[in-house]
1. Rounded to a whole number of µm²/s, how large is the Stokes-Einstein D of region 166-220 at 37 °C and 0.692 mPa s, given Rh as the Kirkwood radius over C-alpha pairs?
2. What's the center-to-center distance, using Cα atoms, between region 138-183 and region 12-54 in Å?
3. In nm, give the distance between the simple-model label positions of Arg106 and Arg149, each being 7 Å from the Cα along the Cα-to-Cβ direction.
4. Calculate one ³J(HN,Hα) per residue across region 169-185 by plugging θ = phi - 60° into the Karplus curve 6.51 cos²θ - 1.76 cosθ + 1.60, and present them in order as whole Hz with x for glycine and proline.
5. Quick one: angle between helix 119-129 and the longest Cα principal axis of the chain, in degrees between 0 and 90, rounded to 10, please.
6. Given q = 0.14, 0.18, 0.19, 0.22 Å⁻¹, what are the Debye log10 I(q)/I(0) values for region 155-259, with equal point scatterers placed on the Cα positions and solvent ignored?
7. Skipping prolines and chain starts, which residues have an amide H placed within reach, meaning under 5 Å, of the one on Cys289, given they are 5 or more residues away or on another chain?
8. List, largest first, the extents of the alpha carbons of the chain along their principal axes, each in whole Å.
Amino acid sequence: MDAIKYRGRYFSWREIDEIKSAIASNPDRSRWHISREICRNWGWRQPNGALKDMICRGLLLYLQSLGLIELPPVRRTTPYRSAHSKRPAFIKVDQTPIVCALSEVRPLEIYQVRGTSLGKLYSSLIEHHHYLRYTRPVGEHLEYLAMSRGRVLSCSGWCSAPRHIGSRDTHIGWNKHQREKNLPHVIINTRFLILPWVRVPHLASHIIGLITRRISEDWRSVYNHDVLWLETFVDPERGFKGTCYRAANWIYIGKTTGRGKADNTGKANRSIKDVYGYPLRKDFRRVLCDEIL
């Protein structure tokens, strides 16, 4: 019988007993060691072969909050936790206005900056110039800078898609099992910023188009799997109209419910956003609805 649901998956009592056994067998080891041991025992890996350590640790904390297990004491603050608590430092950049035609800044250079020396610049610009500020993504993610002649024009962040978006699920037409199987092939654009001193008509849609054409290959090189569907939220309550996405041939597919993933009230508790999507293959529905992908 299914026991506990976490992040869209059910864990049986047998699996919870296996977790208890792993804790009991490693009384002097850290939570980090135990979570990685469980991942290895279960074959719990990302498509690129890395252990799903952070998801496993989240599961362990959730089970402990329910009183089902008792973890060893925290030994030290992890680098991951420190990265969440410390805000990105301000990095000064040239803010001389760029006001010109698109042809005057082309060709653009698009840099995937995660894991590079440009990563700190990306997080600084998002932190200090995007209304949502910088949040370290959970799960798979890539981040981009668009530059022209050595100056940054735009930042764009992408990560694993939310499990449930009603309008997207209806548009794709997949069932629950197909969605759980193939959701890694769907990603969401969580941050898109044209820097405030940059005023170049049609620049935003041009950058979205450039990233759209390369992102599946980039994802494959880092995570060892393709991307088939892109999506994003646009907040009309802030005056955003999704113009740059429509100009880049993205499709309006509906609205969010205005409820967070942990909501149990059935009532909207945040702004209702427009949902836009973009298929990277003509046969995306057939592939995403294939249970043996």
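1. Using the Kirkwood radius from Cα pairs, D works out to 235 µm²/s.
2. For region 138-183 versus region 12-54, the Cα centre distance is 28 Å.
3. Rounded to a tenth, the inter-label distance reads 1.6 nm.
4. 5, 5, 5, 6, x, 8, 8, 4, 5, 5, 5, 4, 6, 10, 4, x, 8
5. Here the helix axis deviates by roughly 70 degrees.
6. -0.61, -0.99, -1.09, -1.37
7. For Cys289, whose amide H was placed from the backbone, there are no distant partners under 5 Å.
8. So the three principal-axis extents are 65, 43, 38 Å.
Read the figures in this text as sums done on the coordinates, not as results from a lab. Nothing here was measured: the structure is a model prediction, and the numbers come from that model. For neighbour counting, all protein chains shown are included, and Cβ atoms are generated from backbone atoms with ideal geometry for every residue, glycine included.
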